[in-house]
């Protein structure tokens, strides 16, 4: 039973990441070019065998026709070439658009590539201002909210409604860091404790700096094609079993509900298409821009009851050795967060785990993974469910 | 980077004109009765374009709040309080709570509108705690 008609018919056959963290030697466009070519190579294909490119723009180097500029840079004229932007949710919405484009006959094999350099190609203040510009220009931005402040409003509401504590939010950061300490590429690898998070610098109460994701450079790309074309590559394909999206509002001041997000809708649709439930998911790759966002996704995607996210995190279930491994690369809290491409690294990590190539942090029997991305201030959501091939 | 200053559209101008006169006004849908914020050309409950401005009470409660410890730019001197206010008439708006002890803030407390000049031409609604409405002593 398929909701959108795409589930089970498409596979991810190639992937690539650039260097991540602080990468001053390549511009966002150059990173995007690099991961595009590397992902095609990883799929065992040549450029001539790929006929679609989907990218998203870069804050640090905006280009009016971004995808065309990336293709032009490498002398490529793909049949399908488009730039999409739904903020942090871009990653998986772009993936679904790629599948839909293939189904519609617009291309046979598409690269989804994105990169940005918020760390090395923007000043701290530029990065802060450009990100907070998601606020309403007349009814939010004039008051001086920062992006952490928007998420702090959500955190405070959750604390008030469900008794969630600051220490429980901190558990999310501790869990992600514990995984990052096992990943040689992670931007932050030193283990941290709940106390470390609680004692870190106040940013927007109740959020401290260690509740906030990193500011990074980096890019990643994946190659998607129809499943029956995916057999001959060098790696086991990863099947797209289910997809869902949910769109509640743009601005947080227009949210009907501060503590339940449209991840509930995107998750429901993805589970329905995949024919799976939260209990069936082996690996969680969620969107941890801020610790409360992660906590609310855990609830809204059905891994615990509403209001129980704090206790779920504090139980240690998501950490190394726990029963629901989550953000095993370290997430955007510890691996890297170059802006809109952030969730791509949750996807490439899921593929790495399913291929069995995760080295020290490799988990046994990774059959299913749920990857989630969101844009805006918990505004728009996209969920994908992946399955390993036999 | 200066403070962001609204540049009202003709649709929004009555809201800002009222703020300059120290009044909070809201659009009421003449079709379904919904009270809107932010100002729009169409009702966000029934999509009617029959909207009329009416005076609001200026009373509200705190839906959520945060004390910003690191300002968005040098034009905002931290700490300052960003809040979501549920207005008595129904809509929610983002604003600042001014002159408040951060430790005195809580979700659900009553607030009352005040107005602050943001530029020569633009005055914005801000809010103050209003303990009298919570039965907690004399308010302003």
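Largest GNM mean-square fluctuation among A:156, A:29, A:124, using chain A with Cα springs under 10 Å: A:124.
Spin-label model, residue B:88 to residue A:228: label points 7 Å out along the Cα-to-beta-carbon direction sit 6.8 nm apart. Rounded to the nearest 0.05, the FRET efficiency derived from the C-beta distance between residue A:198 and residue B:42 at R0 = 60 Å is 0.85.
Mean-square fluctuations from a GNM of chain A, with a 10 angstrom spring cutoff on Cα atoms, peak among A:239, A:260, A:328 at A:260.
Relative contact order, percent, of the range B:10-56 when contacts are C-alpha pairs under 8 Å separated by at least 6 residues? Walk me through the numbers before you get to the answer.
On the way: 73 pairs, mean separation 17.7, N = 47.
Relative contact order comes out at 38 percent.
Working from Cα pairs under 8 Å separated by at least six residues, relative contact order for chain A is 27 percent. Computing FRET efficiency as 1/(1 + (r/R0)^6) for residue A:315 and residue B:101, where r is the C-beta to C-beta distance and R0 is 45 Å, gives about 0.80. Debye-formula intensities of the range A:198-305, expressed as log10 I(q)/I(0) at q = 0.18 Å⁻¹, are -1.11 (one equal scatterer per alpha-carbon, no solvent). Counts of other chain beta carbons within 10 angstrom of each beta carbon in peptide B:85-98 average 3.
The C-alpha atoms of chain A define a longest principal axis, and helix A:291-300 lies at about 70 degrees to it. Kirkwood-type hydrodynamic radius, the range B:47-140: 14.4 Å, calculated from all non-identical alpha-carbon pairs.
Taking the radius of gyration and the Kirkwood hydrodynamic radius from Cα positions alone, what is the Rg/Rh ratio for the range B:10-56, to two decimal places? Each step should come with its number before you reach the end.
Details: Rg = 10.2 Å, Rh = 10.6 Å.
So for the range B:10-56, dividing Rg by the Kirkwood Rh gives 0.96.
With r as the distance between the Cβ atoms of residue A:362 and residue A:125 and R0 = 45 Å, compute the FRET efficiency 1/(1 + (r/R0)^6) and round to 0.05. Efficiency at R0 = 45 Å is approximately 0.65. On average over all directions, what projected area in square nanometres does the protein assembly as shown have, based on the convex hull of its Cα atoms? Here the figure is 24.6 nm², rounded to one decimal.
Taking every Cα-Cα distance in the range B:1-84 and sorting them into 5 Å bins from zero, the calculated P(r) comes out as 3, 12, 17, 17, 19, 17, 9, 5, 2 percent. Connecting C-alpha atoms closer than 10 Å in a GNM of chain A, tell me which of A:276, A:214, A:241 has the biggest fluctuation. Maximum among the listed residues: A:276. Helix A:90-103: angle to the longest alpha-carbon principal axis of chain A, degrees 0 to 90, nearest 10? That works out to roughly 30 degrees.
Summarising the label geometry, the points placed 7 Å from Cα in the beta-carbon direction at residue B:20 and residue B:75 lie 1.9 nm from one another. How far is helix A:166-180 tilted, in degrees, relative to the longest principal axis of the Cα atoms in chain A, given as a value from 0 to 90 rounded to the nearest 10? It works out to around 30 degrees. Working from Cα pairs under 8 Å separated by at least six residues, relative contact order for the range B:57-140 is 27 percent.
Laboratory data are not the source of any read-out in this text; all were calculated from the coordinates shown. Keep in mind that this is a model prediction, so the values were computed, not measured. Heads up, the Cβs are rebuilt from the backbone with ideal geometry, glycines too, and the neighbour counts pull from every protein chain shown.
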